[in-house]
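For reference, the structure is listed below as structure tokens.
Each value in this text was obtained by applying a stated rule to the coordinates, not by laboratory testing. Since we're looking at a predicted model, the values are computed, not measured. No Cβ is skipped: glycine too gets one built from the backbone with ideal geometry, and neighbour counts run over all protein chains shown.
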Amino acid sequence: MSQDRVVAKLQALVRIATVSDRDPAQVDRAAFDDLLAELERQFPLLHDRLELTRVATHGLLFHWSGRAQERPVVLMGHLDVVPVDDTAPWRHPAFGGDIVDGELWGRGTLDDKGCVVGICEAVERLLEQDFTPAQDVWLSFGCDEEVSGGAARMAVEELERRGVRPWFVLDEGGAVAHGAFPGVKPPVAVIGVTEKGVTSLLLTAQGRGGHASTPARNGPTARIARAINRLEKAPFPSSLPAPTRELMTRLAPHAPVALRPLMGNAERLAPLLTRALVAAGPESAAMTRTTLAATTLSGSPALNVIASRATAGLNLRILVGDSVDGVIAHVRKTIRDKTIDIEVVEANEPSPLSPYDGDEAFDLLAATIAADFPDAVVSPYVMMAATDSRFFTGICERVYRFAPFRMSKAQREAIHSYDERIGVDDFVAGVDWYQHLIEGLDHRTEPA
Ligand SMILES: [Zn+2]
């Protein structure tokens, strides 16, 4: 019964197309209004008993008073979704919320309405039992995670204003990932302990331009092309960040026999393992270093005109250990061309590393995962994508990224793509997990 109830709630939310957009004029505000109204209908006790602060246009920050305030916890999710490409071959409608063969289909099921409903339902159930958490619990739901994270930033400001220093923050990110590592049978429950910093640069070369019949050497377009080539030939140095070494070590006993000695000695054999990961392909190479991709390009607008200005956009994902200043210096040095101007379009440092070795908060997450997903190997890891939780690193030392859902490789690949869907049973298990986590806060504060 209660299982059907929570599944119907997620279906209803998926059917409301809350697509965010960098341009506020393109956002369907009525959809976001509908979503908030639906949430209020679905979770009456939560809305009645928790204090709500609205942030940005449709962001929500709930405060649930606990028996103590020393170690407040923030549980996060986001209400917006990425757009749906109309030409993508969805097998079931992107905003249909259909259940087919035990899976609930639609944009936002995994990213990230599943987390939002999971957190809210766990709280609602506990309120039905007149449960009071051992510590203050805050729920922070952004409305623009996929474009700017402005709402999360404002939630952080609000917490700062109130003098709240969270004990830990939990946002989306990792999952109980099935089939994540070739040859490793058990699922891996990965908890993100840092995320790469997204930084974008614009390279601009200027020149005389002119008629295409009388080209001069080294025009703006050629210089931009040379710069891109030089960057491609000089990748950032690779290394194995500590959480990746930890992940390898924990996976080793489950890996194919031939790989066990290498992975099991990740600390000692880090250079060798790093080379192996770089060689294994772009995905695993990205785990070992800052990456750079030339994305947007512009030159002459006409076939018979030489560009007087050419540009290249560079998208960088900075690995923990590197910095924005460091990568800009690398780009400048590598392109070896003083005539090219480098403009910083957006700059985000990698998130600081949250503790995981012998840390009480991390151990609470790990123990709750181990209890609910006994088949999974739990490990910290470095997240490649960005989440709203990065804004919380300014007020909290422990920022963890984990969604308590089993996800197959195909499901993970569907995020931001097509055929996004979540297993119904997996979703229900995730709701229970959030409840167990909140109940588990209790234990931790009981006198020893
Ligand atoms: Zn997300």
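For the range 29-56, the residues whose backbone nitrogen is under 15 Å from a point 7 Å from the Cα of S148, taken along Cα to Cβ, are 29, 55-56. Database remark: amide H of G219 closer than 5 angstrom to no amide H (H placed geometrically; neighbours at sequence offset of 5 or more, or on other chains; Pro and chain starts carry no H).
Counting only DSSP beta bridges whose two residues both lie in the chain, roughly 60 percent are antiparallel.
Computed over the chain, the percent of Cα pairs more than 29 Å apart is 52. The packing ranking, built from the mean of other Cβ atoms within 10 Å per residue, places the peptides 109-115, 280-286 in the order 109-115, 280-286, highest first. With a Förster radius of 56 Å applied to the C-beta separation of I99 and T204, the computed FRET efficiency comes to 0.65.
Farthest towards the positive end of the charge dipole of the range 57-212, among the residues Q135, P182, C115, is the Cα of P182, using unit charges on the Cβ of Lys, Arg, Asp and Glu.
Considering helices alone, the calculated mean residue ellipticity of the chain at 222 nm is -10500 deg cm²/dmol, with DSSP H runs of length four and up weighted by -39500 (n - 2.57) and normalised per residue. You can think of it this way: the chain between A258 and T214 has 9.7 nm of extra reach, that is 0.36 nm per residue less the Cα-Cα gap.
Report note on the peptides 195-206, 42-53: ranked by the mean count of other C-beta atoms within 10 Å, highest first, their order is 195-206, 42-53.
The packing ranking, built from the mean of other Cβ atoms within 10 Å per residue, places the peptides 338-345, 293-300 in the order 293-300, 338-345, highest first. Averaging the Cα positions of each part gives two centres, and for the range 111-133 and the range 167-242 these lie 37 Å apart. Given the C-alpha centroids of the range 289-307 and the range 8-81, what is the distance between them in whole angstrom? Rounded to whole Å, the Cα centres lie 40 Å apart. Working from label points 7 Å from Cα in the Cα-to-Cβ sense, the A293 to D4 distance is 4.4 nm.
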